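Participant: Can you read through this structure? Questions will come right after.
The values are calculated or read from the model by the stated rules, or taken from the named source; none is laboratory data. For clarity, every value in this text was computed on a predicted model and none was experimentally measured. Cβ placement follows ideal geometry from the backbone for every residue including glycine, while neighbour counts extend to all protein chains displayed.
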Amino acid sequence: MPKFKTRIHEFRKEMNLQQAELAELVGVRRETIGKLENGKYNPSLKLAIDIARVFGKTVEEVFIFDDETDA
């Protein structure tokens, strides 16, 4: 089954941002950022783009879709 991963935590730490600060910048609640970091929430396209812009990265650099199977 495909896996969805993010590098939000890594990029957030590089920029010395708290979850709440990132959430405010992109217009969501802190809990949403936490769920994204833990792989418990898939963002809308707009949210993915907004987060990537905060980090100065592409969506593909922040969000990784791993479609390799374990076969």
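Participant: Among the residues of the range 1-32, write down those that are of a type in the set (D, E, K, R) and more than 11 Å from the chain's Cα centre (by Cα). It would help to see each step written out before you state the result.
Facilitator: First pass over the range 1-32, keeping only residues of a type in the set (D, E, K, R): 3, 5, 7, 10, 12-14, 21, 24, 29-31.
The answer is Lys3, Lys13, Glu14, Glu21, Glu24, Arg29, Arg30, Glu31.
Participant: Out of the range 19-61, which residues are among the acidic types (Asp, Glu) and under 13 Å from Lys5 (Cα atoms)? It would help to see each step written out before you state the result.
Facilitator: Kept after step one, since they are among the acidic types (Asp, Glu), are these residues of the range 19-61: 21, 24, 31, 37, 50, 60-61.
Scanning the range 19-61 gives Glu37, Glu60, Glu61.
Participant: Test Phe65 against the stated conditions and say whether it is touching a Phe, Trp or Tyr at 6+ places or on another chain (Cβ under 7 Å), exposed (fewer than 14 other Cβ atoms within 10 Å of the Cβ), touching a residue at least 12 places away in the same chain (Cβ under 8 Å) and not in a loop (DSSP other than H, G, I, E, B).
Facilitator: Taking the combined requirement at face value, the residue satisfies it.
Participant: Restrict the check to the range 32-52 and report whether at least one residue is free of Cβ contacts under 8 Å to residues at least 24 places away in the same chain and on the phi > 0 side of the Ramachandran plot.
Facilitator: No, that holds for no residue.
Residue by residue, here is whether (1) outside any helix (DSSP H, G or I); (2) modelled with pLDDT under 95; (3) exposed (fewer than 14 other Cβ atoms within 10 Å of the Cβ) holds:
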| position | (1), (2), (3) |
| --- | --- |
| Met1 | yes, yes, yes |
| Lys5 | yes, yes, yes |
| Arg12 | no, no, no |
| Glu24 | no, no, no |
| Thr32 | no, no, no |
| Gly39 | yes, yes, yes |
| Lys46 | no, no, yes |
| Asp50 | no, no, no |
| Ala71 | yes, yes, yes |
